[in-house]
Every structure is written in C-alpha cells, then in structure tokens.
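Notes to accompany the following structure.
Values in this text are rule-based calculations from the coordinates and carry no lab data. The shown structure was predicted, so the numbers you read here are calculated from the model rather than taken from an experiment. Positions of Cβ are generated from backbone atoms using ideal geometry, with glycine treated the same way; all protein chains shown enter the neighbour counts.
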Amino acid sequence: MARTEFGKNRTSCACHLCVTNCRFMPGFLIPADLDRLLPPNADPFKWAERNLLASPGAMVMKDGQIFRIPTLVPATKSDGSCMHLSDKNLCTIHENAPFGCAFFDCGPPPEGLSEAGLRAVMEEWRKCSSLYFLLWHHLNTRGKTQRSPEESRRRMREALEAEAEEQRKIEIAIERLEIMEREQPEQFVRLKKWIESLHDRE
C-alpha cells in the first residue's frame, strides 16, 4: 500500500535536484515519523542524540504575527549532508524517510501539504509533554541543532550556482576543443598527445 500523509501520496523521485536537498537541507519530521523511525524498546533520547537535530524550523505567519515552528530533522554528516544519504546518493531509509523528504521532490509542492505537516508539529508543541516536544528540547539544550532553513537554502543555492558555473566552463572547453579539431587538426592532435602523456605519468 502506498504511503500517504494528510491525503497525499509520497513521492519517489531521486533526481539530482532532489538529492541536493539531501545534501543541504534534509526534510523535517512530523510526529508520525517518530513511530516509524524509533526502534522498538530504544531509549528515545539516546536514539535522538544519534539520529536527529533540533531545527529552529520554518517561519510562518498567522494573524499578522511571524513566528517559527521548531522541527526535528535528520542528523547530518560532517559535510552537512543527511546521515542517511549513501555514497551512491541513495536514501538508506527510503521506505520510512521523514515527511519532509518523502512527500516533496523537485516539482511544485502539493498544495497545503507543508502547512498540514507544520500544523501537526504545532499541535505537539501545544501539548508541551509530547515526545516530539521533549526530544526537540533535549537536543537543543545539548547543542545538537541544525542551522535555519533560510541558511540551508542559501548554501544550497550557492552550491547549485557553483556547480552550474563549473558545468558551463566544461561546456565551453569542449566547444573550443571541437572547434580546434575542426579548424586546426594538427594542433588538436598535438594537444591530445600532450594530455595523454600527462595521464601516462600518473
């Protein structure tokens, strides 16, 4: 049976843009994610220290007031990527991936879905004794925190821009080589042999 939340089906896209989110901005958990991810009989606080971070959460507006809804997010590696992202850029917990990962991809977000998830988190904060609330405070007081979503988006945008610039330089270099091969074949052959000699030295 397909996994659903708030009447919406999960996505399964794993394209380059989707993986970029895993590298810079792992999605947030809703309360139901804890039921899926927390192993049976595990100490939830010790488990959270190894697997989660306390995020300041998304900025929202209600009745003219701007405030944040603090969220739990997956812990990250030293490079900032999600701890569940493998060397092959695959999610190692794909089946039980957090709501903020499983239901959003590179396409337009389903209308109202993010808001529904944040409302579910907000309900946990109103209780002040829920596991979600307690885990967030436990992690926050121990300095196990994630940067703000705005900062994560800025870093992701800069990385994408840098990658696009590198790709542009490669495309220009290839184009120039093709022109050389066509208009200056002898010089192209010499350049090719020189490059091959560099590889041989390695």
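What lysines could a cross-link reach from Lys169, if we take a straight Cα to Cα line under 30 Å and drop same-chain neighbours fewer than 8 places away?
Once the sequence-local lysines are set aside, what remains near Lys169 is Lys77, Lys88, Lys192, Lys193.
What length, rounded to one decimal in nm, is gained on full extension from Gln187 through to Lys127, with 0.36 nm per residue of separation minus their alpha-carbon distance?
14.2 nm
Could you tell me which of Cys18, Ala120, Pro109 has its Cα farthest along the dipole of the chain towards the positive end, charges placed at Cβ (Lys, Arg +1; Asp, Glu -1), taken about the Cα centre?
About the Cα centre, the residue reaching furthest to the positive side is Ala120.
How would you order 16-23, 29-36, 168-175 from highest to lowest mean count of nearby Cβ atoms within 10 Å?
Descending packing order for the listed peptides: 29-36, 16-23, 168-175.
Enter the mean projected area of the convex hull around the alpha-carbon atoms of the chain, in nm², rounded to one decimal.
Across all orientations, the chain yields a mean hull projection of 17.3 nm².
Restricting to Cα atoms and excluding each atom paired with itself, what does the Kirkwood estimate give for region 10-77 in Å?
14.0
At 37 °C and 0.692 mPa s, what whole-number value in µm²/s does Stokes-Einstein give for the translational diffusion of region 74-190, with Rh from the Kirkwood sum over Cα pairs?
175
If you count, for each residue, the other Cβ atoms within 10 Å and average over each peptide, how do 83-96, 177-190 line up from highest to lowest?
The packing order, highest mean first, is 83-96, 177-190.
Can you give the calculated 222 nm mean residue ellipticity of the chain, where each DSSP H run of n ≥ 4 adds -39,500 (n - 2.57) and the sum is split over every residue, rounded to the nearest 500 deg cm²/dmol?
-16500 deg cm²/dmol
With a ≥ b ≥ c taken as the square roots of the eigenvalues of the C-alpha gyration tensor of region 160-201, please select rounded if a/c is under 1.5 and otherwise prolate if a/b is larger than b/c or oblate if it is not?
Verdict is oblate for region 160-201.
Using only Cα atoms and rounding to the nearest 10 degrees, what angle (0 to 90) does helix 185-201 make with the longest principal axis of the chain?
60
Could you work out the relative contact order of the chain? I mean the mean sequence separation of Cα pairs under 8 Å and 6+ apart, divided by the number of residues, in percent.
It rounds to 27 percent for the chain.
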